[in-house]
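The values are calculated or read from the model by the stated rules, or taken from the named source; none is laboratory data. Because the structure is predicted, anything quoted here is derived from the model rather than measured. Cβ: placed from backbone, ideal geometry, glycine included. Neighbour counts: every protein chain shown. In case anyone asks, the SASA skips ligands and DNA or RNA and just uses the protein heavy atoms, side chains included. Shrake-Rupley method; radii C 1.70, N 1.55, O 1.52, S 1.80 Å.
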Amino acid sequence: MTSRLRNASGFALVLALLLLWEVSARLGWVASPNWPPFTAVVAALARDVMTGEIPLLVGGTLWRMAAGLFAGGVAGVVLGLAFALLPFVARLFAPIVELLRPIPVPAVIPPLVLFLGLDDTMKVTVVALTVFFPVLTNTVQGVRAVEADALAMGRTFGIGALRRALFIVLPASLPYILAGFRIALALALVVAVVAEMIAGEQGVGHYLVMMQFAGRAEEIYATVLLLGMLGYALNRGFLLAERRMIHWWFALGRQSDA
Amino acid sequence: MRSALRWLPGIALLVLLVAGLEWAVNAGMIRRALMPPPSAIGDALWDLLASGDFVEPLFATLRLVFAGFAIGSALGIAAGVAMGWWPAAYRLLEPLVELLRPIPKAALVPALMLFLGIGEAMKITSVALAVFFPVLINTLQGVRGVDRVILDGARTHGWGTAHVLRHLVLPAALPFILAGMRVALGLALVLAVLSEMLSGQGGLGFLILDMQRSFQVRLMYAWLVILAVVGLALNTLFLIAERRALHWQPANRP
């Protein structure tokens, strides 16, 4: 009983802070139009969800995120396999990759706008670029971690290089690749929103900036709250899928944070 | 010498690509309005460097990154050590941290602008927020991973808590803390550039967006090159510092 009470201290703190937020706004301790009570934020969230305005925006953002995740992920895995299995490819392309990697993503948006315009193509490309690097790095690491015995066995049985790559190396490095995708997933959502904030008139990001110009604090907090929940749900969902796809990895007693 | 030879094909390809771009633009295959020839970008870049015009925006962005990174890291390490060391602190703060962590910090920039305006305070806060959580999580992991036996040994020798934290826990957790800070440094640069873009004033991020919107494409690329160099330099410097700080560690670091 006491231990359960002690564990509750964290939730009590969260509740106390929410209560403080509510009371300070209701009683005017913080006299600012930018400080709406928590319940008003929740009400705004419910209202915008009911009217269908937010679900439509979120749907668009999620679609662009998914498309970018797919494109960047496939490119990252393919190039990662090539880097790790064919040293010459690595030597050829690594300098370019290492030069591009440290450029902060928001900065590539303006040049991409010139080439690809303000709409879906540009945003999907920005997300794909973001996703590409962590997936590439993890794929290379994953291939390096493949057991030499498994490869030797494949060679003994006369399996060709391409089939070895697809049926031995790829499954064996899957835990690493998935870990890369999990990092990329969180980044992809943020970057999709960032691209919408900087350019164009689509999605949740644009909505956030509009609400900021309009000074609608409730809508801003509601959207931030929604994005937080969305990020959390995506991560949870991915962890579940990961458990299913590579249950053998966990069965070996290893951690998901490879 | 041999390692330099190893990367020769890659560098050759890079040079080839730039030369090919120059040729393609001059041959009219790519519109100049979108992609000026690399030599023209080089000229614009040289003008910026020679005239010293690059200094002010560059330092504005760097100041932002360093201030936010320092504040976020210090708070993240402090909170991480507290949560990793005192179970009561962990129980108290863990739900709050788990609640706040998934909120995308980039989406908080508009909210911060309502409160703090578009000046330095807003930008530094957004950078610090982005830095705080990865540093906190890694510090927590590092502190929790400290070998119990060593801690018991220290207690046997009568070390006080402060002494143990300073001379035992922090050094042992350092590889984790630095790994978290390395990730956070990249995020700091992203948030600095983003908040400059959204606030419409400040250093490199603002200039890149502004040059694009006013169709001064050469300057946009020139500033982008400067920003890329900054990103590469920060990353490299951190790796060197990390390696020096951890020279006593075996090679398999997190």
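Here are the numbers for this structure:
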read-out: Flag for A:G52 being more than 14 Å from chain B (Cβ to nearest Cβ) and either in contact (Cβ under 8 Å) with a residue 40 or more places away in the chain or aromatic (F, W, Y) (or both); value: no
read-out: Test: residue in the stretch A:78-96 that is buried (at least 21 other Cβ atoms within 10 Å of the Cβ), part of a helix (DSSP H, G or I), aromatic (F, W, Y) and away from chain B (no Cβ under 14 Å); value: no
read-out: Matching residues, the stretch B:180-208, being at the interface with another protein chain (Cβ under 7 Å from one of its Cβ atoms) and in contact with an Asp or Glu (Cβ under 8 Å, 6 or more places away or on another chain); value: B:G205
read-out: Selection status of A:A107, away from chain B (no Cβ under 11 Å) and either among the charged types (D, E, K, R) or part of a helix (DSSP H, G or I) (or both); value: no
read-out: Helices (runs of 4 or more DSSP H) fully within the stretch B:154-254 counting 3 or more residues that are modelled with pLDDT of 90 or more and open to solvent by less than 70 Å² (accessible area, probe 1.4 Å); value: B:170-199, B:204-213, B:217-245
read-out: Verdict on B:P95 being within 13 Å of another protein chain (Cβ to nearest Cβ), in contact with a Gly (Cβ under 7 Å, 6 or more places away or on another chain) and within 30 Å of A:A199 (Cα to Cα); value: no
read-out: Qualifying residue in the stretch A:225-246 (condition: more than 16 Å from the chain's Cα centre (by Cα), part of a helix (DSSP H, G or I), at pLDDT 90 or above and facing chain B (nearest Cβ under 10 Å)); value: yes
read-out: Residue, nearest to the chain's Cα centre (by Cα), within the stretch A:41-69, restricted to residues that are within 12 Å of A:E219 (Cβ to Cβ) and crowded, with 17+ Cβ neighbours inside 10 Å; value: A:L57
read-out: Residue match in the stretch B:79-94 (condition: within 18 Å of the chain's Cα centre (by Cα) and in a helix (DSSP H, G or I)); value: no
read-out: Residue in the stretch A:177-200 that is within 30 Å of A:A84 (Cα to Cα), β-branched (V, I, T) and more than 13 Å from chain B (Cβ to nearest Cβ) present; value: yes
read-out: Any pair with Cβ under 8 angstrom, 6 or more apart, that starts in the stretch A:11-33 at a residue that is over 18 Å from B:R91 (Cα atoms) and ends at one that is part of a loop (DSSP other than H, G, I, E, B) and among the β-branched types (V, I, T); value: A:S24/A:V30
read-out: Residue identified as open to solvent by 20 Å² or more (accessible area, probe 1.4 Å) and closer than 30 Å to A:V49 by Cβ among A:E196, A:E201, A:E147; value: A:E201
read-out: Of the criteria (1) in contact with a helix residue (DSSP H, G or I) (Cβ under 6 Å, 6 or more places away or on another chain); (2) at pLDDT below 90; (3) closer than 27 Å to A:G10 by Cα, which one B:E98 fails; value: (1)
read-out: Near pairs, Cβ below 6 angstrom, 6+ apart or cross-chain, from the stretch B:12-34 (within 11 Å of chain A (Cβ to nearest Cβ)) to any residue that is open to solvent by 60 Å² or more (accessible area, probe 1.4 Å); value: B:L34/A:F115
read-out: Helices (runs of 4 or more DSSP H) wholly inside the stretch B:1-72 that include at least 1 residues being crowded, with 17+ Cβ neighbours inside 10 Å; value: B:8-26, B:38-51
read-out: Residue list for the stretch A:12-40, restricted to those being within 14 Å of another protein chain (Cβ to nearest Cβ), in contact with a helix residue (DSSP H, G or I) (Cβ under 6 Å, 6 or more places away or on another chain) and closer than 19 Å to A:L225 by Cα; value: A:L13, A:V14, A:L18, A:W21, A:N34, A:W35, A:P36, A:F38
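One line per residue, one yes/no per condition, for (1) out of contact with any Asp or Glu (no Cβ under 6 Å at 6 or more places or on another chain); (2) modelled with pLDDT under 90; (3) of a type outside the set (G, A, S):
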residue	(1), (2), (3)
A:A145	yes, yes, no
A:A195	yes, no, no
A:Q202	no, yes, yes
A:L208	yes, no, yes
A:F213	yes, yes, yes
A:A217	yes, yes, no
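Listed here are the residues, each with its yes/no results for (1) in contact (Cβ under 8 Å) with a residue 40 or more places away in the chain; (2) under 19 Å from A:A67 (Cβ atoms).
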position	(1), (2)
A:F132	yes, yes
A:L151	no, no
A:Y176	yes, no
A:L185	yes, yes
A:A188	yes, yes
A:M197	no, yes
A:V204	yes, yes
